[in-house]
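Taking it in order: structure first as structure tokens, then the write-up.
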């Protein structure tokens with residue numbers, strides 16, 4: 001009844017499931033042997049487990065999902081986490097779990113020569129390609145200067161059907177736990193990014209733009225957020241978001257002062273006609 005409601009039609013109940021599997025295997029074996037007449041049957045290999053890379057917080061970002069037909073190619077853009085970062089390490093993974101520790105490690109490589117920029121400004125395109133033989137090639141290319149690094153690996157090497165089935169079973173059985181852990185770790189990464197940006201802003205403009213009392217208030221919020229980040233209990237997501245929001249709210253006025261100071265510095269010494277010329281050129 002449930003199957004009929006889901007698919008909006010009655011399921012076939014007059015066939016033996018074992019015979020269906022056996023018949024399908026026989027048809028595939030016949031086609032692989034070259035005995036299939038005509039073009040009415042097309043056999044496509046698929047990727048048994050998702051392929052991706054490690055991201056901040058020990059999380060897995062899936063690039064090519066499982067059951068994608070091969071050959072396959074997917075690309076995704078990533079960026080830097082620290083100001084002035086000139087290199088990035090890539091950890092290629094296989095599996096369905098959200099955490100790196102629960103996935104299979106395939107390869108590691110490093111991209112060097114990234115132009116030093118503020119965090120988040122660089123654009124690194126990571127491309128996954130799986131050819132007809134199942135060989136995986138992963139490349140990372142910085143978009144502004146073209147520096148590139150790559151690695152090739154055979155994802156299926158040393159992996160049995162039983163191991164694949166077990167990995168899928170683990171992923172399905174622990175999906176809720178994995179998702180909660182992902183949400184917590186993503187919030188921790190965002191909080192650390194907020195801490196780094198706030199501390200850098202204080203070091204650069206805190207003395208000039210803030211009173212001692214204001215600096216003290218912001219510092220207390222920084223310490224409070226840092227303490228919450230270190231806690232990794234199952235109930236720490238809500239207090240982590242609250243501490244991050246509080247620091248954000250406390251520093252909004254400081255951010256506005258920094259923006260005004262930057263605009264004033266950029267306009268210092270410029271004449272009105274120069275500004276009009278710049279505005280016309282940009283429009």
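Yes or no: segment 114-121 includes at least one residue that is surrounded by 15 or more Cβ atoms within 10 Å (Cβ to Cβ), over 27 Å from residue 77 (Cβ atoms) and touching a residue at least 12 places away in the same chain (Cβ under 8 Å).
no
Taking the options 171, 165, 132, name whichever one is touching a residue at least 24 places away in the same chain (Cβ under 8 Å), exposed (fewer than 13 other Cβ atoms within 10 Å of the Cβ) and over 30 Å from residue 87 (Cα atoms).
132
From the list 96, 54, which one is surrounded by 13 or more Cβ atoms within 10 Å (Cβ to Cβ), modelled with pLDDT of 90 or more and in a loop (DSSP other than H, G, I, E, B)?
Checking each option against the conditions leaves just 96.
Only one of 25, 75, 29 is surrounded by 10 or more Cβ atoms within 10 Å (Cβ to Cβ) and under 24 Å from residue 121 (Cβ atoms); which?
75
Exactly one of (1) touching a helix residue (DSSP H, G or I) at 6+ places or on another chain (Cβ under 9 Å); (2) assigned to a loop (DSSP other than H, G, I, E, B); (3) in the same structural domain as residue 127 (by TED's automatic domain parsing) is unmet by residue 10. Its number?
(3)
In the set 185, 193, which member is in contact with a strand residue (DSSP E or B) (Cβ under 6 Å, 6 or more places away or on another chain) and either at pLDDT 90 or above or assigned to a helix (DSSP H, G or I) (or both)?
Unique residue meeting the criteria: 185.
Between 246, 207, which is touching a helix residue (DSSP H, G or I) at 6+ places or on another chain (Cβ under 7 Å) and at pLDDT 85 or above?
Exactly one of 246, 207 is touching a helix residue (DSSP H, G or I) at 6+ places or on another chain (Cβ under 7 Å) and at pLDDT 85 or above, namely 246.
Which residue, of 108, 66, 74, is at pLDDT 90 or above, assigned to a loop (DSSP other than H, G, I, E, B) and in the same structural domain as residue 123 (by TED's automatic domain parsing)?
Going through 108, 66, 74 in turn, the sole match is 66.
Mind checking which pairs have a first residue in segment 183-196 that is assigned by TED's automatic domain parsing to the domain that holds residue 59 and a second that is modelled with pLDDT of 90 or more, Cβ under 7 Å, 6 or more apart or different chains?
Taking only residues 6 or more apart or on different chains, not a single pair turns up.
The values are calculated or read from the model by the stated rules, or taken from the named source; none is laboratory data. Keep in mind it's a predicted model, so treat the numbers as computed, not measured. Reconstructed Cβ throughout: ideal geometry from the backbone, glycine too, with neighbour counts over all protein chains shown.
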